[in-house]
Amino acid sequence: MAKVYVSDHPLVKHKLTHLRDKDTDPKKFRELIREITLLLAYEATRDLEVAPTKVETPLTTTVGYKLKEPIGLIPILRAGLGMVEGIWEMIPSAEVWHIGLFRDEQTLRPVAYYNRLPIHPTVSVCLFLDPMLATGGSAVKTVEILKAWGARRIKFMGLIAAPEGIEALSTQHPDVDIYVAAVDEHLNEIGYIVPGLGDAGDRQFGTG
Ligand code: PRP
Ligand code: URA
C-alpha cells in the first residue's frame with residue numbers, strides 16, 4: 001500500500017497559507033514553492049540508502065556516509081518546474097529529467113507533449129514533482145511513463161492534493177509513496193482543488 005505523508009510542520013503550514021493567498025504575486029509564489037519543496041524534501045528523502053565512506057577531519061579519520069543510489073528529479077511541466085530548485089539544492093548530484101503533460105480542459109485527461117527521459121534509465125530512485133494532485137490523472141500517467149521507461153523506485157512530491165487524486169494514484173500505483181504539504185477538501189466541477197490555490201502553472205509564470 002502506498003505511504004501517504006502529509007506534512008504537519010508549522011513552517012509548511014505558514015508558507016502554504018501565503019501560497020494559497022490570491023494576492024501573492026508570481027515572484028513570491030515561486031519563492032514559496034521552492035521553500036515548501038525544501039521542507040518536504042526532508043521527509044521524501046528519509047529512506048534513501050547511504051554507503052559508508054572514510055572522511056578525514058582535521059583531527060582524525062572517521063566513517064561518514066554518502067548517498068548510494070543515483071537520484072532523478074522529474075518535474076512535470078509546467079508547474080513542477082518551480083519545485084526543482086528547492087530539492088536540487090539538497091541533492092546537487094541528482095539528474096533532472098523533464099516530462100510535459102497538460103490537462104485537457106474538457107475531459108480533464110492528461111495529454112503528454114514532451115519527454116526528455118533517456119532511452120535507458122540512469123537513476124535508481126525517481127522523485128517526480130508536481131504541485132497539484134487533482135484528479136490524479138497526470139500523476140498516474142507519469143508513473144506509467146516512468147515504469148515503461150524502467151524506473152524501479154518512484155515517489156511523488158506535491159504541494160496540494162485532493163482526496164480524489166490520492167485515491168487514484170495510491171490505488172493504481174500502490175508502490176508509489178506520496179509526499180504532500182496538504183490534502184484539501186474536494187475538486188470542484190471543473191476539476192480544481194478547493195480551497196486549493198488556483199492554477200499553479202499560471203500563478204508561477206504570470207500567465208492566465
Ligand atoms: C496541472 C498540475 C498537474 C495537473 C493536475 O497542470 O500541474 O500536472 O494539472 O491535475 P490532475 O491531477 O487532474 O491531472 P496543468 O494541466 O494545469 O498544466 P501546466 O502545469 O502546464 O499549467
Ligand atoms: N491544476 C492546478 O493548477 N490547480 C488545480 O486546482 C487543479 C489542477
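Bridge orientation summary for the chain: considering DSSP beta bridges with both residues in this region, about 35 percent are antiparallel. Each residue was assigned an accessible area with a 1.4 Å probe, and for L197 the value is about 10 Å².
I need the GluC sites (Glu not before Pro) found in the range 60-167, filtered to DSSP loop residues with at most 12 other beta carbons within 10 Å of theirs.
Details: sites: E85, E89, E95, E105, E144, E164, E167; in loops: E105.
Answer by residue number: E105.
For the range 50-140, a crude dipole built from +1 on the beta carbon of Lys and Arg and -1 on the beta carbon of Asp and Glu, taken about the Cα centre, is about 160 debye to the nearest 20.
In the context of the full protein assembly, K3 retains an accessible surface of approximately 90 Å², using a probe radius of 1.4 Å and ignoring ligands and nucleic acids. Only protein atoms count toward the accessible area here, which uses a 1.4 Å probe; on the range 30-160, the carbon and sulfur part of that area reaches 55 percent.
In order along the range 156-164, phi translates into HN-Hα couplings of 10, 10, x, 9, 10, 10, 8, x, 4 Hz, rounded to whole numbers, per the Karplus curve 6.51 cos²θ - 1.76 cosθ + 1.60 with θ = phi - 60° and x for Gly and Pro. Pairs of Lys residues in the chain, spaced 8 or more positions apart or belonging to different chains, with C-alpha separations under 27 angstrom: 23 in total.
Taking every protein chain into account, the accessible area of the chain amounts to 52 square angstrom per residue (probe 1.4 Å). What does DSSP give for the range 56-174 in terms of the percent of beta bridges that are antiparallel, rounded to the nearest 5? In the range 56-174, approximately 25 percent of DSSP beta bridges are antiparallel ones.
Amide H contacts of V111: F102, R103, D104, each under 5 Å away and 5 or more positions distant or on a separate chain (H built 1.01 Å from N in the peptide plane; Pro and chain starts excluded). In terms of packing, defined here as the mean over residues of other Cβ atoms within 10 angstrom, the peptides 135-141, 199-205 line up highest first as 135-141, 199-205.
Do the sum for the chain: with -39,500 (n - 2.57) for every DSSP H run of n ≥ 4, divided by all residues, what is the mean residue ellipticity at 222 nm, to the nearest 500 deg cm²/dmol? After summing the helix terms and dividing by the residues of the chain, the value is -10000 deg cm²/dmol.
The values are calculated or read from the model by the stated rules, or taken from the named source; none is laboratory data. Because the structure is a prediction, the values reported are computed rather than measured. Methodologically, a virtual Cβ is constructed for each residue, glycine included, from the backbone with ideal geometry; neighbour enumeration extends over all protein chains shown. Heavy atoms of the whole protein, side chains included, go into the accessibility calculation; ligands, DNA and RNA do not. Shrake-Rupley method; radii C 1.70, N 1.55, O 1.52, S 1.80 Å.
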